[in-house]
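For reference, the structure discussed in these notes is given below.
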Amino acid sequence: MKFFVDTADVDEIREINETGLLDGVTTNPSLILKSGRDITEVTREICGIVDGPVSAEVTATDFDGMMREAKVLAKIADNICIKLPPTMDGLKACKKLTGDGHKTNVTLCFSANQALLAAKAGATYISPFIGRIDDIGIEGMELIEEIRIIYDNYDFQTEILAASIRTVNHVKEAAMIGADVATVPPATLKALVKHPLTDKGLDAFLADWAKTGQKIG
Ligand code: E4P
């Protein structure tokens with residue numbers, strides 16, 4: 001499973017990228033707002049930090065406007081992935097951009113049929129929003145299961161990018177189902193390594209080691 005970090009905070013991205021475990025970044029208009037920075041400037045900086053795809057979202061809602069914005073975003077760096085909504089105009093733009101050789105990410109996916117259409121439009125990634133579905137009292141992870149079945153039935157190459165991840169269990173469950181990627185907020189990504197028995201065991205080993213009076217090297 002690939003890990004993307006879901007933020008436009010360059011300090012967080014730099015820190016996580018240094019682990020060597022980061023495969024890409026996703027941003028959206030809300031995350032750009034949170035960063036307090038200009039979209040072009042912050043996206044360019046992010047693209048310079050990570051080698052993998054960096055999703056940047058169009059804000060126009062019509063085909064021509066989406067194509068115009070996509071071309072501006074694509075010029076920022078070679079690793080830009082254009083994020084589009086699963087509307088008819090968004091899917092039309094996705095098909096055109098994919099045909100022109102761009103990476104694309106169909107976002108705000110809340111149904112298996114939207115994911116089916118995104119795959120037919122040649123999307124590089126489909127982003128089902130797990131947490132936001134959970135928020136309305138429906139099991140978000142079931143959407144990942146449905147999309148996995150449909151994509152495997154037809155051998156679609158579109159990668160399932162589990163998005164709107166809120167918990168470490170979301171990451172585990174998405175991995176068990178076979179999502180190709182999870183985009184995870186920095187705090188949740190860091191929490192993946194946490195286990196109280198690891199902390200307790202490490203404390204005990206270090207205490208015993210100190211009693212040996214030894215040093216390695
Ligand atoms: C990522 O591509 C999405 O924009 C993001 O995961 C949405 O997460 P949220 O539902 O926490 O805003």
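For GLN157, the conditions (1) closer than 19 Å to CYS94 by Cβ; (2) in a helix (DSSP H, G or I) all hold with the exception of (2). In the set (1) within 14 Å of the chain's Cα centre (by Cα); (2) within 13 Å of the ligand (Cβ to nearest atom), PRO29 fails one condition alone, (1). Among the residues of the stretch 177-201, those identified as more than 17 Å from the chain's Cα centre (by Cα) and of a type outside the set (D, E, K, R) are VAL193, HIS195, PRO196, LEU197, THR198, GLY201. For first residues located in the stretch 162-180 and more than 19 Å from GLY24 (Cβ to Cβ), partners that are among the charged types (D, E, K, R) and surrounded by 15 or more Cβ atoms within 10 Å (Cβ to Cβ) and lie 6+ apart or on another chain with Cβ distances below 7 Å form the pairs ILE177/GLU145; ILE177/ARG148. Would you check if ASP155 is open to solvent by 10 Å² or more (accessible area, probe 1.4 Å) and over 23 Å from HIS102 (Cα atoms)? Against the criterion (open to solvent by 10 Å² or more (accessible area, probe 1.4 Å) and over 23 Å from HIS102 (Cα atoms)), ASP155 does not qualify.
Sub-8 Å Cβ pairs linking a first residue in the stretch 128-152 that is of a type in the set (D, E, K, R) to a second residue that is more than 16 Å from the ligand (Cβ to nearest atom) and open to solvent by less than 90 Å² (accessible area, probe 1.4 Å), at least 6 apart or interchain, are GLU145/ILE177; GLU146/ALA112; ARG148/ILE177; ARG148/GLY178, ordered by first then second residue.
Any residue at all in the stretch 204-212 that is surrounded by 10 or more Cβ atoms within 10 Å (Cβ to Cβ) and among the β-branched types (Val, Ile, Thr)? The answer is no; no qualifying residue exists.
With respect to the stated conditions, THR158 is in contact (Cβ under 8 Å) with a residue 12 or more places away in the chain, away from the ligand (no atom under 14 Å from the Cβ) and closer than 17 Å to GLY24 by Cβ.
Of LEU73, LEU84, LEU117, all but one fail to be out of contact with any strand residue (DSSP E or B) (no Cβ under 7 Å at 6 or more places or on another chain) and of a type in the set (A, V, I, L, M, F, W, C); the exception is LEU117. For the stretch 191-212, does any single residue satisfy the condition of being in contact with a His (Cβ under 8 Å, 6 or more places away or on another chain) and either within 16 Å of the ligand (Cβ to nearest atom) or under 26 Å from LYS103 (Cα atoms) (or both)? So far as the stretch 191-212 goes, no, none of its residues is in contact with a His (Cβ under 8 Å, 6 or more places away or on another chain) and either within 16 Å of the ligand (Cβ to nearest atom) or under 26 Å from LYS103 (Cα atoms) (or both).
Please determine, by comparing only the residues of the stretch 174-203 that are of a type in the set (D, E, K, R) and assigned to a loop (DSSP other than H, G, I, E, B), which one is surrounded by the fewest Cβ atoms within 10 Å (Cβ to Cβ). Filtering first and then ranking leaves LYS194.
The values are calculated or read from the model by the stated rules, or taken from the named source; none is laboratory data. Please read all numbers here as calculations on a predicted model, not as lab measurements. Because the Cβ atoms are built from the backbone with ideal geometry, glycine has one as well, and the counts that use them run over all protein chains shown. These area figures cover heavy atoms from the full protein model, side chains too; ligands, DNA and RNA do not enter into them. Shrake-Rupley method; radii C 1.70, N 1.55, O 1.52, S 1.80 Å.
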